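Reviewing the structure listed below.
The values are calculated or read from the model by the stated rules, or taken from the named source; none is laboratory data. None of these values were measured; they are calculated from a predicted model. Here Cβ is always computed from backbone atoms with ideal geometry, including for glycine, and neighbour counts include all displayed protein chains.
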Amino acid sequence: MKNPISKLHNIVNGGLRKAKLRFMGSNLDLAVEALRLYNGAVRLNLGTLNPSNVPQRINGFHDLAFLFASHQANRGVIAQDFDEASYLWSVIVSRRPRQILEIGRWLGGSTVLFSAAAATYGGNVSSVDLKLKAPAYADDKLIVELLSRLQL
Ligand SMILES: C[S@@+](CC[C@H](N)C(=O)[O-])C[C@H]1O[C@@H](n2cnc3c(N)ncnc32)[C@H](O)[C@@H]1O
């Protein structure tokens with residue numbers, strides 16, 4: 001029997017988008033297993049790291065993004081992969097902008113990220129959104145409540 005990666009590879013390359021999604025939807029375990037094999041210890045180890053992804057030195061947790069798998073399947077309430085979020089965090093805490101303007105916050109995960117980074121040195125974040133994407137989920141009240149609970 002073919003392993004999950006080559007099975008999914010055939011589906012992704014051989015079928016229509018809807019058929020692929022239907023297959024993955026009805027074979028969730030297989031899809032997760034394929035991701036785990038693709039991103040996990042079976043295929044990767046410290047010797048397979050791309051040296052250009054390993055920083056010269058570690059200045060904080062954000063510099064450890066190279067240790068993690070970053071892809072759409074492990075996103076949560078932020079539309080960024082872990083390495084993207086850690087990069088934005090490192091830019092903010094190293095350049096320390098006094099004002100940050102976020103254009104497009106969607107669910108607000110990025111607003112929390114930017115606010116937390118800016119709070120490390122006393123910066124301010126302003127955020128705007130036209131609510132084009134799933135406005136029912138992008139509830140400003142939830143964002144304000146969370147920011148205030150986190151004292152951001
Ligand atoms: C990909 S989402 C943002 C993801 C979010 N920054 C994150 O990292 O989780 C794009 C958002 O931009 C908003 N948007 C698109 N065009 C805009 C504009 N011209 N001004 C303000 N918001 C805009 C949409 O409503 C949507 O919520």
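No other residue among 16, 8, 28 is more than 20 Å from the chain's Cα centre (by Cα), of a type in the set (A, V, I, L, M, F, W, C), modelled with pLDDT of 80 or more and more than 30 Å from residue 124 (Cα to Cα) apart from 28. Across the stretch 105-128, not a single residue is classified as at pLDDT below 95 and small (Gly, Ala, Ser). So which residues in the stretch 80-99 are within 11 Å of residue 114 (Cβ to Cβ) and of a type in the set (Gly, Ala, Ser)? If the condition is that a residue be within 11 Å of residue 114 (Cβ to Cβ) and of a type in the set (Gly, Ala, Ser), then 85 is the only one that fits. Put simply, of 46, 146 the only residue that is more than 17 Å from the chain's Cα centre (by Cα) and modelled with pLDDT under 95 is 46. Here are 135, 51, 55: which of them is under 20 Å from the mean Cα position of the chain (by Cα), of a type outside the set (S, T, N, Q) and surrounded by fewer than 14 Cβ atoms within 10 Å (Cβ to Cβ)? The unique qualifying residue is 55.
The combined condition, being surrounded by 11 or more Cβ atoms within 10 Å (Cβ to Cβ), in contact with a helix residue (DSSP H, G or I) (Cβ under 7 Å, 6 or more places away or on another chain) and charged (D, E, K, R), is not fulfilled by residue 22.
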